[in-house]
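Let me begin by presenting the structure, written as structure tokens, before commenting on it.
A short reminder: the numbers here are calculations on the coordinates, not readings from a lab. In this text, all values refer to a predicted model and were calculated from it rather than measured experimentally. So basically every Cβ, Gly included, is an ideal-geometry build from the backbone, and we count neighbours across all protein chains shown.
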Amino acid sequence: MSISKPKLAVVIGSIRPNRFADHPAQWIAEIARQRGDFDVEVIDLKDYPMPLFGEEASPAYAPSKSEVARRWQQKVAGFDAYVFTAAEYNHGPAPVLKNALDYAYNEWSNKPVAFVGYGGVGGARAVEQLRLNAIELQMAPIRTAVHILFPDYLAVVKEGKQLAELPHLHQAATAMLDQLAWWTGALKAARENPVRQAA
């Protein structure tokens, strides 16, 4: 009997027309596919044009009125783990990614998340903020992230290199995906076999 692989969503966390995010998203998705321990899908926030969050209640407490938001929730519910590309704007994450996080709640619960940051100091400040958001959403942000620094960015956009050609990034991606795979298995087992509370 074949056992299905856990499902990993690589979410492109920017919608700008000249975004860099496609590079790290496709790169990390390919590395994850080559490992063979995930069923990988890339999700583009451009395909889910949700309005700025203005619902009467959090999706933790009431259904969203936005049809696009409900479609987004249904989509992300089907995954066991997530990797978000995280651009850094003004020492924080892209508003569209924070908005997408806010438009779901139960769908994120007890699932691991990892980040591939870029921008100022490799997106480190954006990633740190997103980790706090993830904890509030009852996700499990893993310790290791990938940080694409400005020289790496220039190597891609100015010199025409691929991220796959930069060994230090591959090393960071491998470490991150190793941790993500372990936590994905552990939390998937916990969701499927919840511990019953003593009466």
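Data overview
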{"item": "Kirkwood estimate for the range 113-199, i.e. one over the average of 1/r between Cα atoms, Å", "result": "14.7 Å"}
{"item": "Percent of beta bridges antiparallel (DSSP, the chain, rounded to nearest 5)", "result": "10 percent"}
{"item": "Evaluated at q = 0.18, 0.20, 0.26 Å⁻¹: base-10 log I(q)/I(0), Debye formula over Cα of the range 75-124", "result": "-0.61, -0.72, -1.01"}
{"item": "Whole-Å distance, taken between Cα centres, linking the range 1-47 and the range 66-94", "result": "12 Å"}
{"item": "Alpha-carbon spread of the chain, three principal axes, descending order, Å", "result": "60, 44, 27"}
{"item": "Cut-off 13 Å between beta-carbons: net charge of the residues surrounding Ala175, Lys and Arg +1, Asp and Glu -1", "result": "+1"}
{"item": "Contact order relative to length of the range 109-148, as percent, for alpha carbon pairs under 8 angstrom and 6 or more apart", "result": "61 percent"}
{"item": "Entries of Lys5/Lys46; Lys46/Lys98; Lys5/Lys75; Lys7/Lys46 with Cα pairs more than 25 Å apart", "result": "Lys5/Lys46"}
{"item": "Cβ crowding within 10 Å averaged over residues, with 7-15, 103-111 ranked highest first", "result": "7-15, 103-111"}
{"item": "From the C-alpha gyration tensor of the range 1-77, square roots of 5λ in Å", "result": "27, 19, 8"}
